[in-house]
Amino acid sequence: MGSLIERFSDSGQPGWVQAAIAGGAAVLSLIVLLLVRKFVSRRIARTAERTATPFDDLAALLSRETRTFFVVSVSLYLGTLFLPLPERARTICEKTVILVVLVQALSWSTLSIEFWITRYVRKRADRDANAATTLGLLSFTARAAAFAIFVLLVLNNLGVNITALVAGLG
C-alpha cells in the first residue's frame, strides 16, 4: 500500500480530476503555510518585545522577511506531488523548488549577517570608531562568502560538477 499521494497520482482518474486534486492541495497548503507564517511571526514578535535577548529579535526579523514567493513555490511543489508527472518534469519541479529554497536561505543569511553586524556596531560605536569600518569590511566578506556558497549550491543543484571549483577556493 503506497502513500496517499501515490494513491491519488496512480488512481487512473481523468486528468481534470487529478489536476483539481493537485490544485486543491496547492491552495490548501498555501493557506496553511501563510497562516503558520503569520501566526509564528506574531508570536515571535510578541516574545521579542518582552525579552532582551537578540535571538528572538533575529527570529522575528527572519520570520517577517520570509518571502511570499517562497511560500507560494513550496505550495505549488506540494500540489505537483499529486500529479502523475513524467520523471523529467518531476526533476524540474524538484530542482526549481530547491533553487527557491536556496534563494530564501541566502536572504535569511544576509539578513542575519546584517543583524549581528549592526547590533555589534551599535554597542561599540561610541567606544571605537574604527570598529565600524572594520565591521563593514567583515560584513562584506561574510556576505560574499554566503553568496559564494549559494552559487556553489545552485550549480551543484543544476548538475554541474563543483569539486574543481571547491578545490580552487580552498
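The values are calculated or read from the model by the stated rules, or taken from the named source; none is laboratory data. Just so we're clear, the structure is a prediction, and the values are computed from it rather than from any experiment. Glycine gets a Cβ as well: all are built from the backbone with ideal geometry, and neighbour counts include every protein chain shown. The accessibility values were calculated without ligands, DNA or RNA, using every heavy atom of the protein model including side chains. Shrake-Rupley method; radii C 1.70, N 1.55, O 1.52, S 1.80 Å.
Within the stretch 81-128, the residues that satisfy the criterion of being among the polar types (S, T, N, Q) and under 23 Å from Asn157 (Cα atoms) are Thr91, Thr96, Gln104, Ser107, Ser109, Thr110. Filtered by the rule that a residue be open to solvent by 50 Å² or more (accessible area, probe 1.4 Å) and of a type in the set (A, V, I, L, M, F, W, C), the stretch 89-98 gives Ile92, Ile98. Residues of the stretch 130-161 that are in a helix (DSSP H, G or I), open to solvent by 40 Å² or more (accessible area, probe 1.4 Å) and either polar (S, T, N, Q) or touching a Cys at 6+ places or on another chain (Cβ under 9 Å) (or both): Asn130, Thr133, Thr134, Thr141, Asn156.
Of note, Glu114 satisfies the criterion of being free of Cβ contacts under 8 Å to residues at least 40 places away in the same chain, within 30 Å of Arg46 (Cβ to Cβ) and of a type in the set (Asp, Glu).
Can you tell me which residue in the stretch 63-83 is most open to solvent (accessible area, probe 1.4 Å), limited to those that are more than 26 Å from Gly15 (Cβ to Cβ) and not in a helix (DSSP H, G or I)? The qualifying residue most open to solvent (accessible area, probe 1.4 Å) is Arg67. For the residues Ala48, Ala22, Ala60, Ala26, the requirement of being in a helix (DSSP H, G or I), open to solvent by less than 60 Å² (accessible area, probe 1.4 Å) and modelled with pLDDT of 90 or more singles out Ala26. None of Pro86, Pro54 is surrounded by fewer than 15 Cβ atoms within 10 Å (Cβ to Cβ), touching a residue at least 60 places away in the same chain (Cβ under 8 Å), out of contact with any strand residue (DSSP E or B) (no Cβ under 6 Å at 6 or more places or on another chain) and not polar (S, T, N, Q) except Pro54.
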